[in-house]
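Asker: Structure below; questions to follow.
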Amino acid sequence: MNHSQAISSLLTFIATLLLLYVTYDYANTARMMAEATSRVYLHYWLEQSAENLPLRFGHISVANLSANAVFVNKYVVRLNSEFDMFDPTIIPTGEVRNLSFPVAQLAGKSGEVLVAIKLCYVSGGLEGETEFRLFRLEIINHQVAAINEGPRPA
């Protein structure tokens, strides 16, 4: 092998390595972008209705802050016991949907009642669930007088 063939082989090898690196970097960037757009950002809260009917205070509002539509297939509500609610709902990107709250479970309760809620969903073909979120309901005279989020301050 002469000197020019050796240099040519070395340059071909370097070009191949460079091409492999660029391909790897492109594939890695595409994967990271796909992961970023498939992340689900759901914000939810309890909302009081304008009506002051006994033990009817509203619903669970869910806002989809994700890049994709989200299908909420189930949500779990914990009072004294845990029970699943099935109210399948598709929430398009940037929109808010309301889920029913099981007010019958509050019958006979008074004072401060702790409620924990988590959502189970499917988005971009992937299943997931949120962490439980804690709410404190203040029930006075069979009506929800106040809704606060989180544990009681120390």
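Asker: Find, among the chymotrypsin sites (Phe, Trp or Tyr not before Pro) in the stretch 62-126, those assigned to loop by DSSP (not H, G, I, E, B) with at most 12 other beta-carbon atoms within 10 angstrom. Walk me through the numbers before you get to the answer.
Answerer: Working: sites: F71, Y75, F83, F86, Y121; in loops: F86.
In loop regions of the stretch 62-126 (DSSP not H, G, I, E or B), the sparsely surrounded chymotrypsin sites (Phe, Trp or Tyr not before Pro) are F86.
Asker: Full extension from N2 to D25: what is 0.36 nm times the residue separation minus their Cα-Cα distance, to one decimal in nm? Write down the numbers at each step before the final one.
Answerer: Values: separation 23, 0.36 × 23 = 8.28 nm, distance 3.50 nm.
The span from N2 to D25 would gain 4.8 nm if fully extended.
Asker: Okay, moving on. Which order do I117, I60, I147 fall in if you start with the one that has the fewest other Cβ atoms within 10 Å? Don't skip to the answer; put the middle values down first.
Answerer: On the way: I117 21, I60 24, I147 16.
Fewest to most other Cβ atoms nearby, the residues stand as I147, I117, I60.
Asker: Looking at the stretch 67-124, which GluC sites (Glu not before Pro) are in a loop (DSSP not H, G, I, E or B) and have at most 13 other Cβ atoms within 10 Å?
Answerer: Details: sites: E82, E95, E112; in loops: E95.
Sparse-neighbourhood loop GluC sites (Glu not before Pro): E95.
Asker: Hey, another quick one. Can you give me the long-range amide H partners of Q143? Hydrogens built in the peptide plane at 1.01 Å from N, cutoff under 5 Å, separation of 5 or more residues or another chain.
Answerer: Those lying under 5 Å, H to H, from Q143 are L55.
Asker: If you average 1/r across every pair of different Cα atoms in the stretch 109-153 and take the reciprocal, what Kirkwood value do you get, in Å?
Answerer: Values: mean 1/r = 0.0823 Å⁻¹.
After inverting the mean inverse Cα-Cα distance, the result is 12.1 Å.
Values in this text are rule-based calculations from the coordinates and carry no lab data. Please read all numbers here as calculations on a predicted model, not as lab measurements. Using ideal geometry, Cβ is built from the backbone for each residue, glycine included, and neighbour counts are taken over all protein chains shown.
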